[in-house]
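Notes for the one structure printed next.
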């Protein structure tokens, strides 16, 4: 072999040997997002910039400007690599899922494959993420029920955004990912789209609904007369006028609107809105490489954050323990171990791991959370005079967490649960704490249900119905949304100050989690 070629091959092999066996994970933090990705620092920084610019673009277009979330109430995005990895995390490798979002107070998470940022078209995984973030944004801005077609049509409208290389963002582009629905799926009339009960009811056709809602919403947004009517329509709907009735009162002849929308669909060009980089100022983006221990623990963290049951938690625990044994002084690793131990039902081990994490880094917020979860579960088994002391001890990690992050919703939630866990009537401060938590995390439907049930106990039936309305209208709420809807109807028949007999609608009532255990 030619010696020069040999030296070139040897050098190439040496270079390969020097590279890590897997890509290094990075973390990016911004005002509204925390992102984890195994892509390089430049890529994850650009990803975070696009998400932040999208958020600002939504404030410009909608006029909504939700308060900046506390650090733990930001959306955490996990870019998990391949589509196959995403489907495995989702729990169905045969599914066509391209991303999914789980809204939770203090720990909202979104999972997506690694998003491609190059090229003129927005990656489909990014479209899915933007769709879900639109729901999150609107609920954070206006936690009231909207018609389903508005909820989904607006999400499709904003998700079709395109990001320019100069930092600008185009809003209102054609939803090319819905072309098949628009051209080949069953056509839904404007009346069917706007009639929430008919469209959402069991057994009725849904094919094409997302594409049709995008088309209707897009037309309304770019037609000044129809946009003014839309504002009137939403006001009527929020005042309790049924969806189709509100539409007829505001839009007038719906057959005429139907003809306009179909003509709009046949248009060769549609309007869109360009927002320049100067119109979309964003805050700083902090990017850092994860520690070797956290890099090794990421698969465990992903599966824990996705959610586990008892069986899968026990399967995951050996990996978590093995990695923690290799990196015994890494506080992030110890925090992940505490979560794995808690999920597996090992309260003493979870508390010990959390204590070790906090001793090494008192800012490890999830360590306080996992310790608090474990102590609350332990407190449920206390008896007699030990009950009050057990719950007082269980509150200590949450009190410490509250001192670190005053607007973290979990300390507020668990203060309320420290009463219900002891079967005591929550005092005024505890009730106020639960309501405040829901204000901080209006996207958490379980929390919304808990607040509504508290209001029902206080005979504040009008407020309870208002609190339940977004849950009842949740397009992804399935059976729980239908039960919430029937409960709202019962509340609307019961004046304030009168007791709603839950037993009369027991089969219709979603069961809230007031146990003091992490949902």
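The values are calculated or read from the model by the stated rules, or taken from the named source; none is laboratory data. Everything quoted here is computed from the prediction, not taken from an experiment. In this analysis, Cβ positions are derived from the backbone assuming ideal geometry, glycine residues included, and neighbour counts consider all displayed protein chains.
If I ask for residues that are assigned to a loop (DSSP other than H, G, I, E, B), modelled with pLDDT under 95 and over 23 Å from residue 177 (Cβ atoms), which ones from the stretch 71-103 would you list?
91
Spot the failing condition for residue 46; the list is (1) assigned to a helix (DSSP H, G or I); (2) at pLDDT 95 or above; (3) within 30 Å of residue 470 (Cα to Cα), and only one is missed.
With respect to (1) assigned to a helix (DSSP H, G or I); (2) at pLDDT 95 or above; (3) within 30 Å of residue 470 (Cα to Cα), residue 46 is out only on (3).
Filter the stretch 111-135 for residues that are surrounded by fewer than 22 Cβ atoms within 10 Å (Cβ to Cβ) and touching a residue at least 60 places away in the same chain (Cβ under 8 Å) and give the result.
114, 117, 135
State whether the residues of the stretch 442-449 include one that is touching a helix residue (DSSP H, G or I) at 6+ places or on another chain (Cβ under 7 Å), more than 17 Å from residue 142 (Cβ to Cβ), modelled with pLDDT of 90 or more and surrounded by fewer than 21 Cβ atoms within 10 Å (Cβ to Cβ).
no
What do you reckon, is residue 288 at pLDDT 95 or above, surrounded by fewer than 19 Cβ atoms within 10 Å (Cβ to Cβ) and out of contact with any helix residue (DSSP H, G or I) (no Cβ under 7 Å at 6 or more places or on another chain)?
Spelling it out, residue 288 is indeed at pLDDT 95 or above, surrounded by fewer than 19 Cβ atoms within 10 Å (Cβ to Cβ) and out of contact with any helix residue (DSSP H, G or I) (no Cβ under 7 Å at 6 or more places or on another chain).
Among the numbered criteria (1) touching a residue at least 12 places away in the same chain (Cβ under 8 Å); (2) surrounded by fewer than 21 Cβ atoms within 10 Å (Cβ to Cβ); (3) more than 18 Å from the chain's Cα centre (by Cα), which single criterion is violated by residue 94?
Of everything listed in (1) touching a residue at least 12 places away in the same chain (Cβ under 8 Å); (2) surrounded by fewer than 21 Cβ atoms within 10 Å (Cβ to Cβ); (3) more than 18 Å from the chain's Cα centre (by Cα), residue 94 misses just condition (1).
Of the residues 153, 208, which is crowded, with 16+ Cβ neighbours inside 10 Å, under 19 Å from residue 263 (Cβ atoms), in contact with a helix residue (DSSP H, G or I) (Cβ under 9 Å, 6 or more places away or on another chain) and at pLDDT below 90?
Result of the check over 153, 208: 208.
Run down 107, 140, 154, 125 and say which single residue is in a helix (DSSP H, G or I) and more than 24 Å from residue 272 (Cα to Cα).
Only one candidate qualifies: 140.
Quick check on my filter: what residues within the stretch 183-202 are in a helix (DSSP H, G or I), more than 26 Å from the chain's Cα centre (by Cα) and at pLDDT below 85?
Correct list: 183, 184, 198.
If residue 282 satisfies all but one of (1) under 30 Å from the mean Cα position of the chain (by Cα); (2) crowded, with 18+ Cβ neighbours inside 10 Å; (3) over 26 Å from residue 44 (Cα atoms), what's the number of the condition it fails?
Every listed condition holds for residue 282 apart from (3).
Would you confirm whether any residue within the stretch 385-405 is modelled with pLDDT under 95, surrounded by fewer than 24 Cβ atoms within 10 Å (Cβ to Cβ) and part of a loop (DSSP other than H, G, I, E, B)?
Taking every residue of the stretch 385-405 in turn, at least one turns out to be modelled with pLDDT under 95, surrounded by fewer than 24 Cβ atoms within 10 Å (Cβ to Cβ) and part of a loop (DSSP other than H, G, I, E, B).
Working only within the stretch 218-257, note down all residues that are under 14 Å from residue 149 (Cα atoms) and part of a helix (DSSP H, G or I).
Hits for the stretch 218-257 are 218, 219, 220, 221, 230, 233, 234, 237, 243, 244, 246, 247.
Scan the stretch 376-384 and tell me whether some residue there is in contact with a strand residue (DSSP E or B) (Cβ under 6 Å, 6 or more places away or on another chain) and crowded, with 18+ Cβ neighbours inside 10 Å.
No, that holds for no residue.
With crowded, with 21+ Cβ neighbours inside 10 Å, free of Cβ contacts under 8 Å to residues at least 60 places away in the same chain, closer than 12 Å to residue 297 by Cβ and under 28 Å from the mean Cα position of the chain (by Cα) as the only criterion, which of 367, 313, 350, 336 stands out?
336
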